[in-house]
1. When each pair of different Cα atoms in the stretch 18-58 is counted once in the 1/r mean, what is the Kirkwood radius in angstroms, to one decimal?
2. Taking the alpha-carbon centroid of each part, what is the distance from the stretch 80-101 to the stretch 16-79 in angstrom?
3. So how do 82-92, 26-36 stack up, highest first, on mean other-Cβ count within 10 Å?
4. Relative to the longest principal axis of the chain, what angle (0 to 90°, nearest 10) does the C-alpha long axis of helix 77-86 take?
5. Mind checking the per residue accessible area of the chain for me, 1.4 Å probe, whole number of Å²?
6. Give a residue-ordered list of calculated ³J(HN,Hα) values for the stretch 15-23 (Karplus: 6.51 cos²θ - 1.76 cosθ + 1.60, θ = phi - 60°; whole Hz; x for Gly, Pro).
7. Quick one: which of 94-103, 12-21 comes out on top by average Cβ neighbours within 10 Å, and what's the full order, highest first?
8. Could you check how much of the accessible area of the chain is carbon and sulfur, as a whole percent, using a 1.4 Å probe?
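The values are calculated or read from the model by the stated rules, or taken from the named source; none is laboratory data. This is a predicted model, so every value here is computed, not measured. All Cβ positions, even for glycine, are placed from backbone atoms using ideal geometry, and neighbour counts span all protein chains on display. Ligands, DNA and RNA are excluded from the accessible area calculation, which covers all protein heavy atoms including side chains. Shrake-Rupley method; radii C 1.70, N 1.55, O 1.52, S 1.80 Å.
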Amino acid sequence: MGELKLSEITSVMLGVRDLNSSLEFYRDKLGLKVKMQKPQLALLDAGTVTLGLSPGHVRVSPQVNGATEIVFRVENVRAARQALIERGISFMNEPRQVTPVDWASHFRDPDGHLLSIFGPQGRV
């Protein structure tokens, strides 16, 4: 048998309670483009990864969120954070340095999934 190698993540599926509310959050507040939308599934363009929003995942899981974080790369953490605050996003923390050159700031989606912006600190 040949060696199996998983080389890249193509999609991340999130269980969501209310598809319309989650679509509003990811599309209208975070600016992700909807690639496909059906009554029980929405797929959004998140660069090289597709983000799926699925109420069906909630029905088969005892909890909606867990120890998962989705990280969005940005060119300027402070400016991106300010723009998201202006769109109604509440952040859990001020930007903080997480690597020698990158900073991060965390927030949650309507179902409590942990999200963050990550990149150079920048200025507002």
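1. In the stretch 18-58 this quantity evaluates to 10.1 Å.
2. The stretch 80-101 and the stretch 16-79 have Cα centres spaced 18 Å from each other.
3. Going by the mean number of other Cβ atoms within 10 Å, highest first, we get 26-36, 82-92.
4. Its long axis makes an angle of about 70 degrees.
5. That works out to 63 Å² for each residue.
6. Once rounded to whole Hz, the list reads x, 10, 6, 10, 4, 5, 5, 5, 4.
7. 12-21, 94-103
8. So the carbon and sulfur contribution to the accessible surface is 52 percent.
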